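Colleague: Structure provided below as structure tokens; questions to follow.
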Amino acid sequence: MYSHSGEEFIYILEGIATIQLESIQYTLYPGDSIQIHSNERHNWMNHTNKVVRLLTVNIPNPFRSIESGHIMPPDLTL
């Protein structure tokens, strides 16, 4: 679970995704979407053995480092 400033929009392209928002879980199917306030603790997961493809839009972009111009901050480990 994590949180950050801004808003987040998630759209499911393929598969079944589980969205955790604080203590509530939502199951989303292809074509479903959700918009959340990103300061609430959240995460998404795949509880199936199928591929999940989703589109997420974050405002503001939490992965942009304004100082360096890099898209990913140097301290983010993938």
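Colleague: Measure off 7 Å from each Cα along the Cα-to-Cβ vector at Arg53 and Ser3, then give the distance between these two points in nanometres to one decimal.
Modeller: According to this spin-label approximation, the distance is 3.3 nm.
Colleague: I'd like the accessible area for Leu21: 1.4 Å probe, protein heavy atoms, all chains in place, Å² to the nearest 10.
Modeller: 20
Colleague: Using only the heavy atoms of the protein chains and a 1.4 Å probe, how would Thr48, Thr18 rank by accessible area, largest first?
Modeller: These residues rank, largest area first, as Thr48, Thr18.
Colleague: Taking 0.36 nm per residue of sequence separation and subtracting the Cα-Cα distance, how much length would be gained by fully extending the chain between Glu22 and Asn46, in nm to one decimal?
Modeller: Result for the pair: 6.9 nm of gain on full extension.
Colleague: Now a separate question. At 1.4 Å probe size, with no ligands or nucleic acids counted, give the accessible surface of Ile24 in Å², nearest ten.
Modeller: Only protein atoms counted, so the area is about 80 Å².
The values are calculated or read from the model by the stated rules, or taken from the named source; none is laboratory data. As the structure is a computational prediction, the values presented were derived from the model and not from experiment. Please note: Cβ atoms are built from the backbone with ideal geometry, for glycine as well, and neighbour counts cover all protein chains shown. The protein model used for the area step is the full one, side chains on, heavy atoms only, and it has no ligands, DNA or RNA in it. Shrake-Rupley method; radii C 1.70, N 1.55, O 1.52, S 1.80 Å.
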